[in-house]
Amino acid sequence: MEHLKIKNLASVFLFVCAFVGCKKVIDVKLNNAGSQIVITGEINNKPGPYTVTIAKTVNFTSDNNFPPVSGAFVTISGNGVTDTLKETNAGTYATHKISGKMGETYKLFVSAEGKTYTSLSTMPERVRLDSLTFLLGRKDALYAVANFQDPAGVENYYQFIEYINGQKLANGRGNSVFSDRLSDGRYISRVIYDDSSDIRSGTTLTVQMNCIDKPVYEYLNELQQISGSGGGFSSQAPANPTSNISGGALGYFSANTVTSKTVSIP
């Protein structure tokens, strides 16, 4: 994949954070660059509808208001069904008949502004999130710990997302990915580090654990590492995160399973 001007790469971080989250907010001053289409979509094992969001990157001299791409033709196919998505809001497209099933491969097709984009994603088997515990950090900061049994002999990739009082943490806080490469078949207690102080007495915390496939993990992991590397970018433009969408779009399409736990903080 060709290198992208660092301005556009930084702006796509903020757009993907709005959809699913990344590790840190990026606040850097960089030169302007032309916009690119960003596609983010998901289908999971819960009842639909599922959504695909299409927008364009913006320059850092602009407000973080990503222009939606309307009038696109979007389908998701899999499990013997092809679903043509309806645009429910500007740039947001929703399914109406397809359902997610573990082990199935799903295809995303997007035709927008004279170009076509495609992606394939296979939904892994569900891994159950057993419980949530907590780690007390410095200055009495509380960090959630996700406890679960990793299946032996299978490559597993996980994504964790935190919600406080039912609301996803802003700017991608409390969001991370994890591979079982060094923990295959073990019982895992994964600390979810959060740069904020949102987890406090009187709040309700929900941790969502998604089982994602390898290409989605690689994209989110690269995105997380670039956005969280020392508080900003190096002077050299990094390579684009490895999107699983062909055709030159940024973003990703994920077929994943979802499990979650909710606890009240005394």
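The values are calculated or read from the model by the stated rules, or taken from the named source; none is laboratory data. The structure presented is a predicted model; accordingly, all values stated were derived computationally and were not measured. Cβ: placed from backbone, ideal geometry, glycine included. Neighbour counts: every protein chain shown.
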How many residues, within the stretch 75-112, are over 18 Å from Pro47 (Cβ atoms) and of a type in the set (A, V, I, L, M)?
4
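Can you find even one residue in the stretch 228-235 that is of a type in the set (Phe, Trp, Tyr), over 13 Å from the mean Cα position of the chain (by Cα) and modelled with pLDDT under 85?
As a first pass, look at the stretch 228-235 and keep what is of a type in the set (Phe, Trp, Tyr): 233.
The next check asks that each one be over 13 Å from the mean Cα position of the chain (by Cα); those that pass are 233.
Narrowing the set further to residues that are modelled with pLDDT under 85 leaves 233.
Looking through the stretch 228-235, at least one residue is of a type in the set (Phe, Trp, Tyr), over 13 Å from the mean Cα position of the chain (by Cα) and modelled with pLDDT under 85.
Looking at Glu104, Glu162, which one is in the same structural domain as Ser77 (by TED's automatic domain parsing), within 28 Å of Ile76 (Cβ to Cβ) and acidic (Asp, Glu)? Give the steps one after another, and end with the answer.
On the way: Glu162 fails: in the same structural domain as Ser77 (by TED's automatic domain parsing).
Only one candidate passes the filter, namely Glu104.
State which residue is modelled with the lowest pLDDT when the search covers only the stretch 161-177 and only residues that are surrounded by fewer than 20 Cβ atoms within 10 Å (Cβ to Cβ) and outside any loop (DSSP other than H, G, I, E, B).
That would be Asn171.
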Pairs please, first residue from the stretch 119-142 and under 30 Å from Leu108 (Cβ atoms), second anywhere and loosely packed, with under 15 Cβ neighbours inside 10 Å and of a type in the set (A, V, I, L, M), Cβ atoms under 9 Å, 6+ apart in sequence or on different chains.
Pro124/Val154; Glu125/Val154
Test Val81 against the criterion of being surrounded by 20 or more Cβ atoms within 10 Å (Cβ to Cβ) and outside the structural domain of Phe178 (by TED's automatic domain parsing), and give yes or no.
no
Among all residue pairs at least 6 apart or on different chains, which show Cβ distances below 7 Å where the first residue, located in the stretch 199-226, is more than 28 Å from Asn165 (Cα to Cα) and the second is surrounded by fewer than 22 Cβ atoms within 10 Å (Cβ to Cβ)?
Asp213/Thr122; Lys214/Glu155; Pro215/Asn244; Glu218/Thr242; Tyr219/Thr242; Tyr219/Asn244; Glu222/Thr242; Ile226/Pro238
Going by what's in this entry, would Asp184 be described as farther than 14 Å from Lys261 by Cα, part of a loop (DSSP other than H, G, I, E, B), out of contact with any strand residue (DSSP E or B) (no Cβ under 8 Å at 6 or more places or on another chain) and outside the structural domain of Glu218 (by TED's automatic domain parsing)?
yes
Grab the strands (runs of 3 or more DSSP E) fully contained in the stretch 42-142, keeping just those with 3 or more residues being modelled with pLDDT under 95 and under 30 Å from Tyr193 (Cβ atoms).
129-136
Output the number of the condition that Asp83 fails; it satisfies all remaining conditions of (1) in contact (Cβ under 8 Å) with a residue 40 or more places away in the chain; (2) among the acidic types (Asp, Glu); (3) over 21 Å from Thr242 (Cβ atoms).
(1)
